[in-house]
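Bear in mind that the values in this text are calculations on the coordinates, not laboratory data. Computed from a predicted model, the values in this text were never measured in an experiment. Reconstructed Cβ throughout: ideal geometry from the backbone, glycine too, with neighbour counts over all protein chains shown.
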Amino acid sequence: MNDGDALRPILVGYDDSPESRHALSWTVEEARLRKLPVLVCHALHWPYALKPLSTEMMAQIEQVAQGVADEGVRRVRELAPELDVQRLLGRGTPAAVLLEAGREAELTVLGSRGQGGFDGLQVGSAAVQVPAHCVTPVVVVRPQHRPRGDGPVRIVVGLDGSPAGLAALDLALDEAALRLGAVTVLCCWADCGSTAWPEPLPFVDSYALRRGAEDRFREVTARLAARRPEVPVTAEFVTERPQRALLDAAADAALLVLGNRGNESRPSLLLGPVTQSALFEAGCPVAVTPAAVLRPRITPD
């Protein structure tokens, strides 16, 4: 790593919930691999904004919030004494605080839900809002995920040719290189000329369309994978719905990487439906990349 990389920490949202503790553990392992510092972030957000508070009460609330951030720092130092770790106590909603701090981070990590969620909630609002708006990659960690131990670490990435999807493959290759693992690149094809398509296109040669798309997919995958020749890459072109295919492929993966929105996402959507489904249903951590990733690439050791 060069000195410029070392100035960009891995940011982790922490509120002492079980989910945030798992996110913290994932962050520590990532920071060790990348040789980067950790920034533990806690958001001080008083829910009764319209009710005035005394100076004494506000000081007590801030003291409790500082204690939570300090506990996160303590946990990091306990897990990895060699890491440089700092705390950040922000004011505002967790999503707003993480988005602001994430602009200067190499990576933002958070749990799938925080302390504010109700029982049974699968994904909290911050775990959707931060990946939708962040200008750098975001990893949402689910609790107690354990990929199968037989074989190398495997990372699954969805590729549809969109700018965000290309950034996702770039990140997946970097993560696999760090873990001495392999990458499975998945492209899901919908046959727009078949009767199963909602509105089949007339006079369409479905076979020629598919062959051209698959050739282009394999060409793009090979070109990007050439940057990481040490990473084994498997390219799979399937005729399945992407939500189901990606979740099935990532069932035993260490990480699922997706762009924030794909080619079929409506312009008004900041987070595509496939990525939303993954955040709600994937059993492994999900990394979400924007179209333009404002981070330096990891250089080989």
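Key figures
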item: Local net charge near residue 255, Cβ-Cβ under 12 Å (Lys/Arg +1, Asp/Glu -1); result: -2
item: Within-14-Å neighbourhood charge of residue 44 [Cβ basis; K, R +1; D, E -1]; result: -3
item: Under 15 Å, Cβ to Cβ, from residue 68 - net charge with Lys/Arg +1 and Asp/Glu -1; result: -1
item: Mean-position separation - Cα centroids, segment 217-244 and segment 67-104, in angstrom; result: 35
item: Burial ordering of 10, 155, fewest other beta-carbon atoms within 10 Å first; result: 10, 155
item: Segment residue 240-residue 16, extension gain: residue separation times 0.36 nm, minus the distance between their alpha carbons; result: 76.7 nm
item: Taking 16, 248 and counting other C-beta atoms within 10 Å, the order from fewest to most; result: 248, 16
item: Förster radius 25 Å - calculated FRET efficiency between residue 59 and residue 86 (Cβ-Cβ, nearest 0.05); result: 0.65
